[in-house]
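Just below is one structure, and these are the notes that go with it.
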Amino acid sequence: MSLTPIGEPRRKITTATIREKKLHHEPITCLTAYDYATARLVDEAGIDIALVGDSLAMTMLGYENTLAVTVDEMLHHVKAVRRGVKDALLIADMPYGSYQVDPVEAIHNATRFVKEGGAEAVKMEGGEKRVDMIRRVIDAEIPVAGHIGLTPQSVNIMGGYKVQGKTLNAIEQLMRDAVALDRSGVACIYLEGIPREVAAMITAEIETPTIGIGAGPDCDGQVLVFHDLVNLTFGQPAKFVRRYGDAAALMTQSILAFKSDVVAHQFPNDAESYHLPKETQAALETVLLRKHTMRR
Ligand code: KIV
């Protein structure tokens, strides 16, 4: 049996495992992963869910928000993550425009994430108003993760990235959204950018596991964007982000050290160079000497 770096046994995580975790009050861990390297790190550390979030539009591709990223761009990353993930449940985000309009198109796109990308579930943003579409995808045998609260694909409707569920009406709507998703049979529900009190009420009310981001500590699990976790985002992090490392500082230090060694002719050194076999070296010296003598 293989172990995580801190010696825990690793096991395959499925949608059933995360349901069991809720039942047993075991916290669910989730991180985004966008490529082979981050997938290996997340998986080998024993994180339950590797989410190929459409946040990769910003973190990996430099877009301003998540709206522009396409199914093909997402698939490119999902395939790379698939190659790096062994045990974690692999969830792929359906990008904006790939599931909002036509159920046939939604099923077609979700199927691509499973067949071509190797995803084990897809994530779709939206509550009550998205439930019919979500049901259709589940009926096509594809597990779906819901996502309510601050849904980044609705940034233009929300008028910015604002905490949701702050009025009684908004709380009521969020509860209806959560209950509708719960009844639709989603595998889990991401709760983003809502007051902890509301997230706690939702988590207690429904059977589906909730995974929070900016939703306080009372959700069944927590997710962070990988680049926020290790400081690779080039900006002021949101209030809910805890930075567990400074990869930007480490990488910058390594880049500067490389640059300075090259400029000072300190890299590569002899031990970092390949050498001719002794016989070839001797033969080469003989040839060079002969040429030199003939020229005289
Ligand atoms: O795209 C993403 O990374 C997400 C998580 C923040 C939940 O949707």
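The table for this structure:
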| read-out | value |
| --- | --- |
| Residue satisfying condition, being part of a strand (DSSP E or B) and either away from the ligand (no atom under 14 Å from the Cβ) or in contact with a helix residue (DSSP H, G or I) (Cβ under 7 Å, 6 or more places away or on another chain) (or both), within set Ala92, Ala80 | Ala92 |
| Some residue of region 52-68 being within 12 Å of the ligand (Cβ to nearest atom), within 13 Å of the chain's Cα centre (by Cα) and closer than 23 Å to Pro5 by Cα | yes |
| Criterion violated by Arg130 - all others in (1) within 15 Å of the ligand (Cβ to nearest atom); (2) in contact with a Pro (Cβ under 9 Å, 6 or more places away or on another chain); (3) part of a helix (DSSP H, G or I); (4) more than 23 Å from Thr29 (Cα to Cα) satisfied | (2) |
| Flag if Val114 is touching a helix residue (DSSP H, G or I) at 6+ places or on another chain (Cβ under 6 Å), assigned by TED's automatic domain parsing to the domain that holds Gly53, β-branched (Val, Ile, Thr) and at pLDDT 95 or above | no |
| Residues of region 101-127 that turn out to be within 16 Å of the ligand (Cβ to nearest atom), of a type in the set (A, V, I, L, M) and part of a loop (DSSP other than H, G, I, E, B), as a count | 1 |
| Those residues of region 56-74 which are in contact with a Phe, Trp or Tyr (Cβ under 7 Å, 6 or more places away or on another chain) and not in a loop (DSSP other than H, G, I, E, B), in sequence order | Leu56, Ala57, Thr59 |
| Verdict on Arg290 being assigned to a helix (DSSP H, G or I) and of a type outside the set (S, T, N, Q) | yes |
| Those residues of region 1-37 which are over 16 Å from Asp220 (Cα atoms), surrounded by fewer than 23 Cβ atoms within 10 Å (Cβ to Cβ) and polar (S, T, N, Q), in sequence order | Ser2, Thr4 |
| Filter pass, Val225 being assigned by TED's automatic domain parsing to the domain that holds Lys162 and on the phi < 0 side of the Ramachandran plot | yes |
| Output for region 233-286, where each listed residue is assigned to a helix (DSSP H, G or I) and among the small types (Gly, Ala, Ser) | Ala247, Ala248, Ala249, Ser254, Ala257, Ser260, Ala271, Ala282, Ala283 |
| Flag for Ala37 being more than 12 Å from the chain's Cα centre (by Cα), away from the ligand (no atom under 12 Å from the Cβ), closer than 15 Å to Val230 by Cβ and in contact (Cβ under 8 Å) with a residue 40 or more places away in the chain | no |
| Ala187 being within 23 Å of Ile49 (Cα to Cα), touching a Ser or Thr at 6+ places or on another chain (Cβ under 6 Å) and crowded, with 22+ Cβ neighbours inside 10 Å | yes |
| Residue within region 43-65 that is without any contact (Cβ under 8 Å) to a residue 24 or more places away in the chain and of a type in the set (Ser, Thr, Tyr) present | yes |
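The values are calculated or read from the model by the stated rules, or taken from the named source; none is laboratory data. Fair warning: this is a prediction, and the values are worked out from it, not measured in the lab. Heads up, the Cβs are rebuilt from the backbone with ideal geometry, glycines too, and the neighbour counts pull from every protein chain shown.
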